[in-house]
Amino acid sequence: MYNVEIVGTGSFVPENRVSNEDISKFVDTSDEWISERTGIKERRISTKENTADLAAMAARSALDDAGISPEELDLIIVATVTPEHFTPSTACLVQAKLGAYKATCFDISAACSGFIFGLTIAEQFIKTGLFKTALVIGAEVLSKIVDWNDRSTCVIFADGAGAAVLKRGVQGIISEVTGSDGNGAESIACHAVPLKNKFCDFSKDKANYLSMNGREIFKFAVKIIPECIEKVLEDSGYSIDQVKHIIPHQANIRILDAAAKKLQINKERFYVNIQRYGNTSGASIALALDEMSKGGLLRNGDLIILVGFGAGLTYGAMMLKWTKDRNNNEEENNDAHNG
Ligand code: UT7
């Protein structure tokens, strides 16, 4: 088995900033309610780009960061719940935009856990030796499935994309956990096409908008975040004190405060950028990872945990050792193959 590491990250958000005040002009809400109940101050809402456009911009930035050309990619996975089409996949659209003609491309639907699921899938392909280089993108234009008259969701969800390039190399990915609970499928959902054809018509007049039982998801998140973190710690043999950063899905600042309390850790250990971007579902962890990397917050050798939860219900976590900036540590490069 080969070791797998992240060698580049990227992100892209639409230019259009929408403040809480802007939203309070068309639904009955306020900056005070949104800030206190969620931590969000503003978000980006696309006026030009669709999902593949955001994904491709994030991808280019990640490839530049990694110093890898699109032709080297063996695999492109896009994690999204807001694709352009039922088919073709957003990943195929991204492939064409990048000119990554060697790559196998497909989308996955795991909502806010999508980036972790995508990393885990890409890791398996590289571990076994089938592929050497993969691009995993989390990209969403949630603004197109949000009901802009529903104040319980339209204040939360937003648009953006983040990406990571994975390569065969030293041991960057240490442990991971993924899981799903389909019994919670209706807690957060956006219906697509009902069964309707020449022989039957079960269509109900359901709007194709996102609906959410916020309180239920909140409780689920506060339970599952600590469980996922404890599982990746247990599998890795490290303790929580050795972990430098926890990069969570950015859903609600109060969820993170409650999870920190359960884990008996300082809440500052969770990286938070929800105030600027809102909840970008599959993009949020990737966006935060890139922001931290580009902001110089991640040091070579740092232990990091990514953790997410979302519609499905889905959940997952991944423990990484940051190795991206190891160019000056040539001795580590000799550790490329442990199998
Ligand atoms: O990405 C993963 C999936 N999503 C999540 O992780 C979301 C998890 N849940 C949450 O973040 C929170 O449940 C919300 C932010 C969605 C809602 O916060 P809450 O504290 O759970 O509020 P609530 O739904 O219990 O509603 C409390 C009150 C209600 O009014 P009444 O019935 O007490 O009079 C709502 O109608 O707040 C009202 N409300 C609002 N008021 C002003 C709901 N949305 C708004 C709003 N502005 N935007």
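The values are calculated or read from the model by the stated rules, or taken from the named source; none is laboratory data. What you are looking at is a predicted structure, and each value in this text was computed from that prediction instead of being measured. Note that each Cβ is placed from the backbone with ideal geometry, even for glycine, and that neighbours are counted across all protein chains shown. Note: areas computed on protein heavy atoms with side chains; ligands, DNA, RNA excluded. Shrake-Rupley method; radii C 1.70, N 1.55, O 1.52, S 1.80 Å.
For the list (1) open to solvent by less than 10 Å² (accessible area, probe 1.4 Å); (2) under 30 Å from Met57 (Cα atoms), I need the number of the one condition that Ser293 fails.
Every condition holds for Ser293 apart from (1).
Identify all residues within the stretch 199-216 that are free of Cβ contacts under 8 Å to residues at least 40 places away in the same chain and either within 16 Å of the ligand (Cβ to nearest atom) or crowded, with 19+ Cβ neighbours inside 10 Å (or both); write none if there are none. Explain how you work it out, then say what you get.
Step one: list which residues in the stretch 199-216 are free of Cβ contacts under 8 Å to residues at least 40 places away in the same chain, which gives 199-206, 213, 215-216.
Of everything in the stretch 199-216, those that are free of Cβ contacts under 8 Å to residues at least 40 places away in the same chain and either within 16 Å of the ligand (Cβ to nearest atom) or crowded, with 19+ Cβ neighbours inside 10 Å (or both) turn out to be Asn213, Arg215, Glu216.
With the condition kept exactly as written, say whether any residue in the stretch 178-195 is more than 16 Å from the ligand (Cβ to nearest atom) and of a type in the set (D, E, K, R).
no
Taking only the stretch 272-307 into account, find how many residues are assigned to a loop (DSSP other than H, G, I, E, B) and more than 16 Å from the ligand (Cβ to nearest atom).
Going residue by residue through the stretch 272-307, those that are assigned to a loop (DSSP other than H, G, I, E, B) are 272-273, 278, 280, 295-302.
In the following step, the residues that additionally are more than 16 Å from the ligand (Cβ to nearest atom) were identified as 295-302.
Total meeting the criteria: 8.
For the stretch 96-124, name all the residues that are assigned to a helix (DSSP H, G or I) and either modelled with pLDDT under 95 or touching a Phe, Trp or Tyr at 6+ places or on another chain (Cβ under 7 Å) (or both). Give the steps one after another, and end with the answer.
Filtering the stretch 96-124 for residues assigned to a helix (DSSP H, G or I) gives 96-98, 111-124.
If the condition is that a residue be assigned to a helix (DSSP H, G or I) and either modelled with pLDDT under 95 or touching a Phe, Trp or Tyr at 6+ places or on another chain (Cβ under 7 Å) (or both), then Cys112, Ser113 are the ones that fit.
With respect to Thr29, is the statement that it is outside any strand (DSSP E or B), at pLDDT 95 or above and within 13 Å of the ligand (Cβ to nearest atom) true?
So Thr29 fits the description; yes.
Test each condition in (1) closer than 28 Å to Leu313 by Cβ; (2) of a type in the set (Gly, Ala, Ser); (3) in a helix (DSSP H, G or I) for Ser61 and report the one that comes out false.
(1)
Out of the stretch 108-117, which residues are open to solvent by less than 20 Å² (accessible area, probe 1.4 Å) and either hydroxyl-bearing (Ser, Thr, Tyr) or over 9 Å from the mean Cα position of the chain (by Cα) (or both)? Talk me through it step by step, then tell me what you get.
Of all residues in the stretch 108-117, those open to solvent by less than 20 Å² (accessible area, probe 1.4 Å) come to 110-116.
Correct list: Ala110, Ser113.
Yes/no per residue for (1) at pLDDT 95 or above; (2) within 20 Å of Phe309 (Cα to Cα):
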residue	(1), (2)
Val155	yes, yes
Gly160	yes, yes
Ala164	yes, yes
Gly172	yes, no
Gly179	yes, yes
Lys196	no, no
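I need the full set of residues from the stretch 220-268 which are more than 16 Å from the ligand (Cβ to nearest atom) and part of a strand (DSSP E or B), in order please.
His245, Ile246
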